[in-house]
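This report concerns only the one structure given below.
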Amino acid sequence: MNKILAVEASGLVASCAIASEEKIIGEFSLNLKLTHSQTLLPMVDEVVKRTGTDLEEIDAIAVSGGPGSFTGLRIGSATAKGLGLALNKPIISVPTTQTIATDIFGADGLIVPLMDARREQVYTGIYRNNADGFCIVKDQMAVSIHELTAMVNELNEPVIFLGDGVPVYKTVLDEEVRVKKAYAPINNNVQRAGSLAVRAIEMFNKGLAMPAADHVPDYLRLSQAERERNEK
């Protein structure tokens, strides 16, 4: 039975989990103003010890592959890649917005994760997650919040918004979204390694793992420093 070690560092939350197809065996998360370089490896070490897991038993390392915080993605990717190379295990790179959308199940309509990308831009995607399975309506993208509200209105279905971008753009959503909408509660609103592991196991079973050496984060757009350099 497949067993996955998942590490999540794409946003404000640092999280790690060990999961099989049957259950989340162990999961730690911290939503504090600490750098992921301070928290992620100690959390991985602790979840491995507490669950009595032999890392040689792990079938793959899952990581939130982006988009997200450039620094967080680099830390998460370096951690996953280092573990994968040391253990000779493949990496499953899960799109971040899919990880967030997996927090919601059985919703009537659409699930729309929002990550604040600054300058009225969001990282987002549009999904369904119900008894019929996880479905990608529109895959992850970097767009303006106004483009997103237009997409949601055009699809004309009930929608649940979640993610750290919701409090930033809630006023815009309230003003521009014309379909029935709801906002996820705080326990279903952020990246979690457990949700990452669920998506990763599905991807692993479809053969979507890669050699650790081949993994790179998907930033979806240039960093601020790169954009400013190009503008000059």
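Per-structure values
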{"read-out": "Hits in segment 43-71 (condition: aromatic (Phe, Trp, Tyr) and closer than 20 Å to ASN88 by Cα)", "value": "none"}
{"read-out": "Residue tally, condition outside any helix (DSSP H, G or I) and either under 19 Å from the mean Cα position of the chain (by Cα) or of a type in the set (D, E, K, R) (or both), over segment 35-53", "value": "1"}
{"read-out": "Among (1) modelled with pLDDT under 95; (2) among the small types (Gly, Ala, Ser); (3) crowded, with 16+ Cβ neighbours inside 10 Å - the single one GLY125 does not satisfy", "value": "(1)"}
{"read-out": "Qualifying positions in segment 62-75 - over 20 Å from GLN38 (Cβ atoms) and of a type in the set (A, V, I, L, M)", "value": "ALA62"}
{"read-out": "Residues being surrounded by 24 or more Cβ atoms within 10 Å (Cβ to Cβ) and not in a strand (DSSP E or B) - total across segment 1-34", "value": "3"}
{"read-out": "Filtered residues of segment 70-87 (kept if free of Cβ contacts under 8 Å to residues at least 60 places away in the same chain and either part of a loop (DSSP other than H, G, I, E, B) or hydrophobic (A, V, I, L, M, F, W, C) (or both))", "value": "ALA78, ALA86, LEU87"}
{"read-out": "Every pair of residues 6+ apart whose Cβ atoms lie under 8 Å, when the first sits in segment 129-155 and is of a type in the set (Lys, Arg) while the second is at pLDDT 95 or above and assigned to a strand (DSSP E or B)", "value": "LYS138/GLY125; LYS138/ILE126"}
{"read-out": "Condition check for ALA62: surrounded by 17 or more Cβ atoms within 10 Å (Cβ to Cβ), among the hydrophobic types (A, V, I, L, M, F, W, C) and within 15 Å of the chain's Cα centre (by Cα)", "value": "yes"}
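The values are calculated or read from the model by the stated rules, or taken from the named source; none is laboratory data. Only a predicted model underlies this, so the values are computations on that prediction, with no experimental measurement involved. With ideal geometry, Cβ positions are generated from the backbone for all residues, glycine too; neighbour counts draw on all protein chains shown.
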